[in-house]
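Scroll down for the structure; my scribbles are underneath it.
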Amino acid sequence: MKKSLVLFSNDLRLSDHPVLDYVTAQGKDYVPVYLDYNDSFYSCEFFEINLTKRKFISSGIEYLKRKLYLVDKELIIINQDHRQALVDVLVSHGCKQILISRNTTSPLNNLLESMELMLLKNNIFIHYFDSNYLIDLQDLSFPIRNLPYSFNEFCTKIKGVKLRSAETDPLVPEGVLEILDDVKKESVPVLHPYKTRLNNHFSKFLPYLSSGVVSPAELIEAVKHQASISTVFDAKALKILTKQLVNLDFIRASIRNLMPVTFDEVDLSSNQVAQVENWIEGNTDNDMINAIMHKLKETSVISLTSKKLTMLYYLKVLNLPAYFGYEYFQSQLLEFDSSLNMYLWKQYDAAQLDHEDLIEEIATRKKQLDPEHSFVEFWA
């Protein structure tokens, strides 16, 4: 039986997995491979990945290895000389196709694109699948290239599209269950952009969603299961959570049409270097920004609202080039999938905002999101 080579990237699970569902449906065997590119050609060129992120990446890979072991599979990890090592695995196992989840901004995809012609000459084909989506993009009534610009318009156009479903009681990682337990406790101050406790903690789920150790559909099923345990996980919370997950789908799909998907590197003046360092250290003249940056450095997780405020402050108040801000966030945030980070930096870099208006907006948002000053006092 001919085998397929399945390349894992930001889909470190076996359940609710479009690539593996396809292999199973075709009755084919597969060779699981993970290309560990984080040390050799990870996208963060200016800043090193922090220790917390390295540990999280390692734990995600170990989680996948344990799951594969239970089905008599051994994960092949390639961490150097990626191009030749990948060819060697293809040849040694007699694989004639590579199956991979689509991740537009991944260095892994860039590597495969550079090898595609050579592989075709040897009758080896690459097939891409859409993974980590709550919506099946094949069900859309319009092509991805015609994706609406605004999320609200996107929601209008996808009315009636069926959401992906997972097992009734999926086996989600222990880390996700711990977050669900934390939702009930509410012990650490957080910013409050939403009206339910579950969604105040949404940013904590992002690393698990972007690494793919849990799918959006599995997360929804886990929350539904919790609904019978705590009133925190009510219908309203689930509705907002679902909308946030659909928003992630919209962002990942949008990044496909966003060209280029990189920022130009520029030289910084000595004054700009000092400003970047002060922003990173949370040593600016804005206590809300300082609190957010301190939380980022300590936890490697911040909310979408926090990202927006710090990005806009960096870009429009400090007037610094997006490249270094993007690279720093990419090095610190636990999220594997860089689509969200890239999309937000591109969006806010292009925004037309007045300096004074932005300062006023940050002050307004501080009153709305942190009325008792607990977040700023805790982190700043």
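The values are calculated or read from the model by the stated rules, or taken from the named source; none is laboratory data. These numbers come from a predicted model, not from an experiment. In this analysis, Cβ positions are derived from the backbone assuming ideal geometry, glycine residues included, and neighbour counts consider all displayed protein chains. For accessibility, only protein heavy atoms count, side chains too; no ligands or nucleic acids. Shrake-Rupley method; radii C 1.70, N 1.55, O 1.52, S 1.80 Å.
Just a few scattered comments:
- For the chain, accessible area per residue (1.4 Å probe, heavy atoms of protein chains only), Å²: 47
- Magnitude of the charge dipole for the chain, about its Cα centre and with charges confined to Cβ atoms of Lys, Arg (+1) and Asp, Glu (-1), is about 1280 debye.
- In the chain, helices alone account for a calculated mean residue ellipticity at 222 nm of -16000 deg cm²/dmol, with every DSSP H run of four or more residues adding -39,500 (n - 2.57).
- Sites count as exposed loop sites when they are GluC sites (Glu not before Pro), lie in a DSSP loop, and have at most 14 other Cβ atoms within 10 angstrom; the longest stretch of the chain without one is 266-371.
- Solvent-accessible area, 1.4 Å probe, carbon plus sulfur percent, for the chain: 49
- Relative contact order of the chain, taken over Cα pairs closer than 8 Å and 6 or more residues apart, is 20 percent.
- Beta bridges by DSSP in the chain, antiparallel share as percent, to the nearest 5: 5
- Violating pairs (Cα-Cα greater than 31 angstrom) within the set Lys239/Lys295; Lys239/Lys367; Lys157/Lys316; Lys162/Lys204: Lys157/Lys316
- Cβ-placed point charges (K, R +1; D, E -1), dipole of the range 272-380 about Cα centre in debye, nearest 20: 240
- P(r) tail, the chain: Cα-Cα pairs separated by more than 41 Å, 13% of all pairs.
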